[in-house]
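**Q** Below you'll find the structure I mean.
The values are calculated or read from the model by the stated rules, or taken from the named source; none is laboratory data. Worth saying up front: this structure is predicted, and the values here are computed from it rather than measured. Neighbour counts are summed over all protein chains in view; Cβ atoms, including those assigned to glycine, are modelled from backbone coordinates with ideal geometry. For accessibility, only protein heavy atoms count, side chains too; no ligands or nucleic acids. Shrake-Rupley method; radii C 1.70, N 1.55, O 1.52, S 1.80 Å.
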Amino acid sequence: MKRLLASVALCAATAGVHATVSEYTEFFIPYERAQSAYVCLDRQLMEAEFGIPLASLMEGIFSETKTLHQQLGGTSMYKNINLLVNGTTTIPYTYNFDRYTSSGVYEYSFTLDMAGFNTLNGSTVAGRQKTKNTAKLALIAMVKTAEAIHGAGNFRLWVKFNNLPSQAGLSGSLVHSGGVDWPTWPYTASSSVYTTYRTEMIASGC
């Protein structure tokens, strides 16, 4: 974390000359455990080019992993475990803005497009439920990563979802379409909606 903060500070100091700073840092993805089928969060590592901290790490959050799957007596191979990527289906995201407030809070805004997962999962109840759950996992990964970068209480995150499926007849709490800025409310580490999503989606046994 100290190295990350040093990188961010250096990047801010050199922004006027469009300099960038590369550093290894952590982000989070959701994955499903093979034996229990629990959905958990996994801490991943990437070389991020700062930049804007969370905007840089978004590429990791929404990219395939290279996770080794051991095959005893066979050939081990690397496979993706990130539930936010399924084959060629991803969640395209748009970076809207970032701000640093006078009170020392980092603010970010992103728009996520769920159209690809709508097509992949279909419009049945089961398919729409999968897409809705994926949207929640995306939000959880983003907030958890922002918390790892800045610490609880030091960030606000606006997330706007485009192309959410109809949620009629689906289980679990509502996924809000959100907005890109005030007067819609941002997510924080202590947001009640974020807490609810984590309770619903991330297994207690993780």
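**Q** Considering the stretch 80-103 alone, what residues qualify as being assigned to a strand (DSSP E or B) and polar (S, T, N, Q)?
**A** Across the stretch 80-103, the qualifying residues are ASN86, THR89, THR94, ASN96.
**Q** I'd like the residue in the stretch 10-46 that is open to solvent by less than 50 Å² (accessible area, probe 1.4 Å) and over 18 Å from the mean Cα position of the chain (by Cα) and, out of all such residues, is modelled with the lowest pLDDT.
**A** If we take residues in the stretch 10-46 being open to solvent by less than 50 Å² (accessible area, probe 1.4 Å) and over 18 Å from the mean Cα position of the chain (by Cα), then THR14 is modelled with the lowest pLDDT.
**Q** Sticking with this one: Could you say whether any residue in the stretch 52-75 is without any contact (Cβ under 8 Å) to a residue 12 or more places away in the chain, assigned to a strand (DSSP E or B) and among the hydrophobic types (A, V, I, L, M, F, W, C)?
**A** Yes - at least one qualifying residue is present in the stretch 52-75.
**Q** LEU120 fails exactly one of the following numbered conditions: (1) within 24 Å of SER191 (Cα to Cα); (2) open to solvent by 20 Å² or more (accessible area, probe 1.4 Å). What is the number of that condition?
**A** With respect to (1) within 24 Å of SER191 (Cα to Cα); (2) open to solvent by 20 Å² or more (accessible area, probe 1.4 Å), LEU120 is out only on (1).
**Q** Quick one: count up the residues across the stretch 158-198 that are surrounded by 13 or more Cβ atoms within 10 Å (Cβ to Cβ) and part of a loop (DSSP other than H, G, I, E, B).
**A** Residues in the stretch 158-198 being surrounded by 13 or more Cβ atoms within 10 Å (Cβ to Cβ) and part of a loop (DSSP other than H, G, I, E, B): 20 in total.
**Q** Only one of these is touching a helix residue (DSSP H, G or I) at 6+ places or on another chain (Cβ under 9 Å), open to solvent by 20 Å² or more (accessible area, probe 1.4 Å) and touching a residue at least 40 places away in the same chain (Cβ under 8 Å): MET142, MET201, MET114. Name it.
**A** Within the list MET142, MET201, MET114, the selection yields MET201.
**Q** Right, another one. Do any residues in the stretch 92-107 that are touching a residue at least 60 places away in the same chain (Cβ under 8 Å) have Cβ atoms under 9 Å from those of residues that are open to solvent by 70 Å² or more (accessible area, probe 1.4 Å), where the two are at least six apart or on different chains, and which pairs are they?
**A** Note: pairs meeting the criteria are GLU107/ARG99; GLU107/TYR100.
**Q** Let me ask you something else. Restricted to the stretch 86-129, and to residues that are under 21 Å from ALA141 (Cβ atoms), over 15 Å from the mean Cα position of the chain (by Cα) and hydroxyl-bearing (Ser, Thr, Tyr), which residue is modelled with the lowest pLDDT?
**A** My answer is THR88.
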